[in-house]
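The structure under discussion appears below in the form of structure tokens.
The values are calculated or read from the model by the stated rules, or taken from the named source; none is laboratory data. The structure displayed is predicted, hence computed values, not measured ones. Cβ atoms come from the backbone with ideal geometry, glycine included; neighbour counts cover every protein chain shown.
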Amino acid sequence: MSFITISQALTSLTSLFQAAALSKPSLQAEHIIAAVTGIPRLELHLNRNLVLTSEQLSEIKQKAERRAEHEPLQYILGETEFYGARILVTPDVLIPRPETEYLVDWVASEYSEEQTLLDLGTGSGCIAIALGLIFPNMIIEAADISAQALETARKNAEINCVKINFHCSDLFEELRNKYQIIISNPPYISTQEYQELDREIRDYEPQEALLAGEGGLYYYRRILAEAKDYLLPGGRIYLEIGAQQGKAIKKIAENYGWQKIEIRSDLSGCDRYVRIGN
Ligand code: GLN
């Protein structure tokens, strides 16, 4: 195993990942080798004849074996990006998804500074942090039921220099304030869909961040039943939703007396976001 170059490592990881039926095997190989060597991914080929140290080699091997078992790259590398911010991730938090960035955009397009905002089920803290970076003067609170998730969210707020007040709370339970904006990407996978999820998700991401009972509507019902007491007059709720849930959520919202319900689709044309309130 001695005198392995970057180029040889790239080849060997790529074929390992190909055999494991991973998509974009060479890109994933590059990410792992870049993370371990500290060489930017796009400069790896310029350094292809560089010989890896035995420590680098064993770390690359370890990480590659985890990836070949379909563990998500983000958990292996311990971080990802959301809205341009560096976000640390552990198996206690959901990996931030690119489609969630639109929820941030929606809020960003409708507000200016000096609002108060609550991010419910903050997980890694990605939504609250992105909004904090856009609106440095916004007063932001974030809640999650998981103390472990909050530990990561706190670190993420710190490394991105965003001030957020965190609460360990089952939705609104421990909260006492009122907000202009309530935002949430709660768990919304139904029991049946959960069985059909990709093994990368099902075997590695926290079940409690995904699963939301029969129909996947459990958290929306609770949020829409309770949010009135936590929203300032004229306030709005922004939610990410499942592709099949638009109609059901509109109905739930109407049943709880909410007006002005707007549903928007994601880039693939599926219902994905809802805004509720004036
Ligand atoms: N709010 C976090 C995110 O959007 C966590 C979501 C969750 O755990 N359901 O990534």
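Below, the figures for the structure above:
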read-out	value
Condition met for Ala128 (among the hydrophobic types (A, V, I, L, M, F, W, C), within 19 Å of the chain's Cα centre (by Cα) and in a helix (DSSP H, G or I))	yes
The one condition in (1) buried (at least 22 other Cβ atoms within 10 Å of the Cβ); (2) more than 10 Å from the ligand (Cβ to nearest atom) that Val93 fails to fulfil	(2)
Any chance Asp203 is surrounded by fewer than 14 Cβ atoms within 10 Å (Cβ to Cβ), out of contact with any helix residue (DSSP H, G or I) (no Cβ under 6 Å at 6 or more places or on another chain) and under 27 Å from Ala147 (Cβ atoms)	yes
Single condition Glu81 does not satisfy, out of (1) touching a residue at least 40 places away in the same chain (Cβ under 8 Å); (2) in a strand (DSSP E or B); (3) under 16 Å from Leu133 (Cβ atoms)	(1)
Residue count for the range 2-25, restricted to those that are within 26 Å of the chain's Cα centre (by Cα) and assigned to a helix (DSSP H, G or I)	2
Which numbered condition Gly132 fails, given (1) buried (at least 21 other Cβ atoms within 10 Å of the Cβ); (2) free of Cβ contacts under 8 Å to residues at least 60 places away in the same chain; (3) within 13 Å of the ligand (Cβ to nearest atom)	(3)
Filter result for Lys63 (exposed (fewer than 14 other Cβ atoms within 10 Å of the Cβ) and of a type in the set (Lys, Arg))	no
Candidate set: the range 237-247, residues that are small (Gly, Ala, Ser) and more than 12 Å from Ala212 (Cβ to Cβ); chosen: the one surrounded by the fewest Cβ atoms within 10 Å (Cβ to Cβ)	Ala243
Whichever residue in the range 176-186 is more than 17 Å from Tyr102 (Cα to Cα) and in contact (Cβ under 8 Å) with a residue 60 or more places away in the chain and, among such residues, is surrounded by the fewest Cβ atoms within 10 Å (Cβ to Cβ)	Asn177
Wholly within the range 143-207, helices (runs of 4 or more DSSP H) carrying at least 2 residues that are within 11 Å of the ligand (Cβ to nearest atom)	147-159
Filter result for His45 (surrounded by fewer than 18 Cβ atoms within 10 Å (Cβ to Cβ), at positive phi and either of a type outside the set (Lys, Arg) or under 13 Å from the mean Cα position of the chain (by Cα) (or both))	no
Qualifying residue in the range 26-35 (condition: modelled with pLDDT of 95 or more, small (Gly, Ala, Ser) and part of a loop (DSSP other than H, G, I, E, B))	no
Looking only at the range 96-123, and only at residues there that are part of a strand (DSSP E or B) and within 14 Å of the ligand (Cβ to nearest atom), the one that is farthest from the chain's Cα centre (by Cα)	Leu117
Tabulated pairs, the range 240-266, first on the phi > 0 side of the Ramachandran plot, second surrounded by fewer than 18 Cβ atoms within 10 Å (Cβ to Cβ) and of a type outside the set (Asp, Glu), C-beta under 8 angstrom, 6+ apart or interchain	Gly257/Lys228; Lys260/Asn278
Sole exception among (1) closer than 26 Å to Leu27 by Cβ; (2) out of contact with any Asp or Glu (no Cβ under 9 Å at 6 or more places or on another chain); (3) buried (at least 22 other Cβ atoms within 10 Å of the Cβ) for Glu101, by number	(3)
Any pair with Cβ under 7 angstrom, 6 or more apart, that starts in the range 93-104 at a residue that is more than 14 Å from Ile201 (Cβ to Cβ) and ends at one that is among the aromatic types (Phe, Trp, Tyr) and more than 9 Å from the ligand (Cβ to nearest atom)	Glu101/Tyr83; Tyr102/Tyr273; Leu103/Tyr238; Leu103/Tyr273; Val104/Tyr83
Flag if Tyr83 is within 30 Å of Gln180 (Cα to Cα), aromatic (Phe, Trp, Tyr) and within 16 Å of the ligand (Cβ to nearest atom)	yes
